[in-house]
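Novice: Before anything else, here's the structure in question.
Values in this text are rule-based calculations from the coordinates and carry no lab data. All figures in this text were calculated on a predicted structure; none of them were measured in a lab. In this analysis, Cβ positions are derived from the backbone assuming ideal geometry, glycine residues included, and neighbour counts consider all displayed protein chains.
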Amino acid sequence: MKKNLSFSSYLVIGTMLFGLFFGAGNLIFPAQLGQEAGNHVWIAILGFLATGIGLPFLGILAMGISGSNKLQDLAGRVHPIYGLIFTMALYLTIGPFFALPRTGTVSYEIGISPFLDPSHQKIGLAIFTTLYFLAVLWFSLNPAKIIVWVGKVLTPIFLLFLGALIVASIISPVGTIGEPENSLYASQPFFKGFTEGYNTMDALASLAFGIIVVQAIKGYGVTKPTQIVTATAKAGLIGVLLMAVIYVSVAYIGATTTGVFGLFDNGGQVFSHLSDHFFGSFGSILLAIIIILACLKTGIGLATACAECFHQLFPKISYKLFVVLFCTFSGVVANVGLTNIIKLAIPVLLMLYPLAITLMFLAFLSPLFNHRRVVYVMTTLFTAVISIVDGLNAAAAQLETDALSFIHPMVDFFANNLPLYNEGLGWILPAIAGLGLGWIIIMVKKSKVEIIQ
């Protein structure tokens, strides 16, 4: 019997997905893009949308189309060991190592810090992150309620407060859009926006959240694979369209503030000044509510997804214990500070993003090469060479160390000989070459090439 979901069901799942994806970081990065891109903001935001919503949407569809019950199944098509390592690396990145602590730190630095004296900042951060991660822990210990809490409660409240600020900023702009403040936005705005979209981590998160969406759809009684894919696409489209509207609005708003407020170190300061400009002292309270709600709902999704994943990988350890461990660890890391968290995340993102993107496209192309493992292996191997070099090079720059200087000759070689490398997309042609080589191998040795079951 065919099971059709109502529009209201799609809307609930779509807003849940939006709520899982959209945290304070998703406000900060487009605002900063707008400030730096100036009158090139429209081209830059197209690049940002490609990685900020395009890739997450593909990631959600990839999980639905692949029929995988978890990320490890999809990544394991390369090799079972690779599947385990990639899964753990991705979940730790969007979980306790970077994204999850960032939700707590951003909440504090933008929503709470302005109310405290500078001498009380450290103790304030410690107290706030303790309370914040206790709240994340409480919600995450009841994962069956996530669609209710995130989809029906937290996200609508968040959108209400955020909408008030956006509408005010668009109806009465702070200033006019000027020239780009960043030379890369002036010379190559699309590519700069494209790589800036990495910072949201949403393409990585989509491979985790896609499972939550599929499970939510199945909870409504949809069981046929084709219907699951269709429902996933419709619900996913609602979520990413909401994100797109806010990204474009926030980028435009950021671009109008530079001439009046000046260029800020991060997009969070844009919202702080906007709130004060339009709503005065009430604006600071409004901003605090927006940021904390945005971070809290994303933190719940990250903690839940990570704990469920590691419980599946290590079933002898309970889901509840993993939630406690991840929330505790994230609370400690959050006290390192937002700047250091972002700084350390960049090398990891440069390594993981290309591998995640190629995995998504392989999931779509897999039926065309009959799911042969060698195509997965060659594409991933060729991509990994570039992504690892990029990650190590970024680590050397961020950590300001000579220990990784051995990577510099390779970087110079790629920069001089590999198309798109200087734009941050040097992995694309090697990935295509690996895909082509794998395809040639299966054509030459059809009977000897392993088929993934």
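Novice: Go through the range 86-98 residue by residue and turn each phi into a ³J(HN,Hα) via Karplus (6.51, -1.76, 1.60, θ = phi - 60°); whole Hz please, and just put x for glycine and proline.
Specialist: Values, residue by residue: 5, 4, 5, 4, 5, 5, 5, 5, 7, x, x, 7, 9 Hz.
Novice: Right, next: Along Cα→Cβ, 7 Å out, is where each label goes; now give me the distance between the ones at ASN340 and ASN416 in nm to one decimal.
Specialist: 3.9
Novice: Fewest Cβ neighbours within 10 Å first, please rank ILE291, ILE228 accordingly.
Specialist: ILE228, ILE291
Novice: When PHE190, PHE21 are ordered from fewest to most other Cβ atoms inside 10 Å of their Cβ, what list results?
Specialist: In order of increasing Cβ crowding within 10 Å: PHE190, PHE21.
Novice: Sticking with this one: Quick one: 3J(HN,Hα) in Hz for the range 214-230, Karplus 6.51/-1.76/1.60 with θ = phi - 60°, rounded, Gly and Pro as x.
Specialist: For the range 214-230, the Karplus-derived couplings read 4, 5, 5, 5, 4, x, 8, x, 8, 10, 6, x, 5, 5, 5, 4, 4 Hz, x marking Gly and Pro.
Novice: Quick one: order HIS408, HIS40 by neighbouring beta-carbon count within 10 Å, fewest to most.
Specialist: So the ranking, lowest neighbour count to highest, is HIS408, HIS40.
Novice: Could you work out the relative contact order of the range 348-453, using alpha carbon pairs under 8 angstrom and six or more residues apart, expressed as a whole percent?
Specialist: Dividing the mean separation by the residue count of the range 348-453 yields 40 percent.
Novice: Mind running the shape call on the range 324-453? Use the C-alpha gyration tensor, a ≥ b ≥ c as the square roots of the eigenvalues: rounded below 1.5 for a/c, prolate if a/b tops b/c, oblate otherwise. Present the calculation step by step, with values, prior to reporting the outcome.
Specialist: Numbers: a/c = 3.09, a/b = 1.55, b/c = 1.99.
Oblate shape, in that a/c is at least 1.5 and b/c is the bigger or equal ratio.
Novice: Sort the range 249-309 into rounded, prolate or oblate with this rule: let a ≥ b ≥ c be the square roots of the eigenvalues of the Cα gyration tensor; rounded if a/c is under 1.5, and if a/c is not under 1.5, prolate when a/b is larger than b/c, oblate otherwise.
Specialist: Because a/c hits 1.5 or more and a/b exceeds b/c, the range 249-309 counts as prolate.
Novice: Can you give the helix-only mean residue ellipticity at 222 nm for the chain, where every DSSP H stretch with n ≥ 4 adds -39500 (n - 2.57) and the sum goes over all residues, rounded to the nearest 500 deg cm²/dmol? Before the final figure, lay out each step's value.
Specialist: Working: 20 runs with 324 residues, N = 453.
Rounded to the nearest 500, the figure is -24000 deg cm²/dmol.
Novice: Looking at the chain, what % of the alpha carbon pairs are farther apart than 40 Å?
Specialist: Working: 17416 of 102378 pairs.
So the portion of pairs separated by more than 40 Å is 17 percent.
Novice: So, one more: Compute the relative contact order of the range 7-336 as a whole-number percentage, counting only Cα pairs closer than 8 Å that sit 6 or more residues apart in sequence.
Specialist: This gives 44 percent for the range 7-336.
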